[in-house]
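S.K.: The structure follows.
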Amino acid sequence: MSAFTRTEADPPAMRVGYAAITWGGDDERAAREIAEVGFSAIQVRGSAFERYGKAPNELKDLLARHKLTFAVLSSGNLGIDPAKEASELAMHIEHAKFLRAAGGRTLQIIDERPKRALVAADYARLGRLLTAVGRRTAELGVETVYHHHMNSISEKPQELDAVLETVDPKAVGILFDIAHYQQGCGDPVAAIRKYRDRIKVVHLKDVRAIDKAPGYEWVELGRGRVDVKGCVTALKEIGFKGWAIIELDKVPDTDGSPKASALLNKQYATQQLGLTL
């Protein structure tokens, strides 16, 4: 059994957390306000490693003061450039060690789409690198999840399939983002059922079309075109028990604030989705 295999001690339903990304790197404020809104778990980004990398207990203590579980650490890019392979693998392992020391156990990895046409070997290389990271983090008691997203090698549904074909599912799970998948021209409800055995974390997120580049904008749940209710229904149907992290990259309205957006997302999650925080 790997260090992160689900057991009978796991919770009976999906667990809900909130992403600190909206606060733009101010993790202390993010932790305080996320807790004030009523969430009990948090996903943080690389800014947390920059601030607490040499003192993980400080982050652990911060989250404990606000009664927040360390759900996920965003570990950054894993590129397919061979010249950067060794340094990037080492970076993610360091992040995994930090995550574990700070009280978490789930590491999110993304990638960046090359500025050229993709070939079949690109998908296979990314899959192999993800597997290499996942196997090494598992030895540390940390599970690795791959986050597909816009401007990544797996931007489109068929591209995600191509990557996953070469990933060892025992080493790497999927962080399934319902809005990124929608924006990539996929059906997130159908995909949840398709990947039911591989999804370990979900980003509950919404997106709407806008007139200026890049043509879309992330918004609070219920304000966009993602069938968020259908996605949550599908997650319940498949018995999903992992983290469902509500994420908003930045506040879409000029008169808004990260905390106000979190409140809107909380209201939608509890009143419209029937989720328990």
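S.K.: Looking at the structure I just gave you, is residue 219 buried (at least 23 other Cβ atoms within 10 Å of the Cβ) and either at pLDDT 95 or above or under 23 Å from residue 106 (Cα atoms) (or both)? Outline the logic, then answer.
M.R.: Values: buried (at least 23 other Cβ atoms within 10 Å of the Cβ): yes; either at pLDDT 95 or above or under 23 Å from residue 106 (Cα atoms) (or both): yes.
Considered against the rule, which asks whether it is buried (at least 23 other Cβ atoms within 10 Å of the Cβ) and either at pLDDT 95 or above or under 23 Å from residue 106 (Cα atoms) (or both), residue 219 comes out as yes.
S.K.: I've got another one for you. How many of the residues in segment 221-241 are assigned to a loop (DSSP other than H, G, I, E, B) and closer than 16 Å to residue 17 by Cβ?
M.R.: Filtering segment 221-241 for residues assigned to a loop (DSSP other than H, G, I, E, B) gives 221-227, 238-241.
From what is left, the residues that are closer than 16 Å to residue 17 by Cβ are 221, 240-241.
So the answer is 3.
S.K.: Residues being without any contact (Cβ under 8 Å) to a residue 60 or more places away in the chain and either basic (Lys, Arg) or over 21 Å from residue 191 (Cα atoms) (or both): count how many of those fall in segment 221-277.
M.R.: Qualifying residue count for the region: 17.
S.K.: Would you tally the residues in segment 156-177 being more than 25 Å from residue 96 (Cα to Cα) and either in contact (Cβ under 8 Å) with a residue 40 or more places away in the chain or β-branched (Val, Ile, Thr) (or both)?
M.R.: Of the residues in segment 156-177, the ones more than 25 Å from residue 96 (Cα to Cα) are 156-159, 161-162.
From the residues that got through so far, the ones that are either in contact (Cβ under 8 Å) with a residue 40 or more places away in the chain or β-branched (Val, Ile, Thr) (or both) too are 159, 162.
Matching residues across segment 156-177 total 2.
S.K.: What number goes with the only condition from (1) within 17 Å of residue 243 (Cα to Cα); (2) outside any strand (DSSP E or B) that residue 73 does not pass?
M.R.: Looking at each condition in turn, residue 73 falls short on (2).
S.K.: Testing residue 231 on (1) of a type outside the set (Phe, Trp, Tyr); (2) surrounded by 16 or more Cβ atoms within 10 Å (Cβ to Cβ); (3) touching a strand residue (DSSP E or B) at 6+ places or on another chain (Cβ under 6 Å), one condition comes back false. Which one is that?
M.R.: (3)
S.K.: Let me ask another. Among the residues of segment 77-91, is any touching a residue at least 12 places away in the same chain (Cβ under 8 Å) and under 15 Å from the mean Cα position of the chain (by Cα)?
M.R.: For segment 77-91, residues touching a residue at least 12 places away in the same chain (Cβ under 8 Å) and under 15 Å from the mean Cα position of the chain (by Cα): present.
S.K.: Look at segment 106-132 and say how many of its residues are in a loop (DSSP other than H, G, I, E, B) and either farther than 23 Å from residue 201 by Cα or in contact with a helix residue (DSSP H, G or I) (Cβ under 7 Å, 6 or more places away or on another chain) (or both).
M.R.: Here is the first cut: in segment 106-132, the ones in a loop (DSSP other than H, G, I, E, B) are 111-119.
Imposing the further condition that a residue be either farther than 23 Å from residue 201 by Cα or in contact with a helix residue (DSSP H, G or I) (Cβ under 7 Å, 6 or more places away or on another chain) (or both) reduces the set to 111, 114-119.
Count: 7.
S.K.: Please work out which one of (1) farther than 17 Å from residue 19 by Cβ; (2) crowded, with 19+ Cβ neighbours inside 10 Å; (3) in contact with an Asp or Glu (Cβ under 8 Å, 6 or more places away or on another chain); (4) in contact (Cβ under 8 Å) with a residue 40 or more places away in the chain is the condition residue 111 fails and give its number.
M.R.: Every listed condition holds for residue 111 apart from (3).
S.K.: Within segment 48-64, does at least one residue satisfy the condition of being surrounded by 13 or more Cβ atoms within 10 Å (Cβ to Cβ) and of a type in the set (S, T, N, Q)?
M.R.: No - not one qualifying residue is present in segment 48-64.
S.K.: Answer with yes or no whether residue 85 is closer than 30 Å to residue 126 by Cα and modelled with pLDDT of 95 or more. Step through it out loud before you land on a result.
M.R.: Numbers: closer than 30 Å to residue 126 by Cα: yes; modelled with pLDDT of 95 or more: no.
When the stated conditions are applied, residue 85 does not pass them.
S.K.: What pairs can you find where one residue is in segment 187-210 and over 17 Å from residue 275 (Cβ atoms) and at pLDDT 95 or above, the other is among the aliphatic types (A, V, I, L, M) and assigned to a strand (DSSP E or B), and their Cβ atoms are less than 8 Å apart, with a gap of 6+ or different chains?
M.R.: Correct list of pairs: 195/174; 198/174; 200/145; 200/174; 200/175; 207/219; 208/219.
The values are calculated or read from the model by the stated rules, or taken from the named source; none is laboratory data. Remember, it's a predicted structure, so these values are computed and weren't measured experimentally. Positions of Cβ are generated from backbone atoms using ideal geometry, with glycine treated the same way; all protein chains shown enter the neighbour counts.
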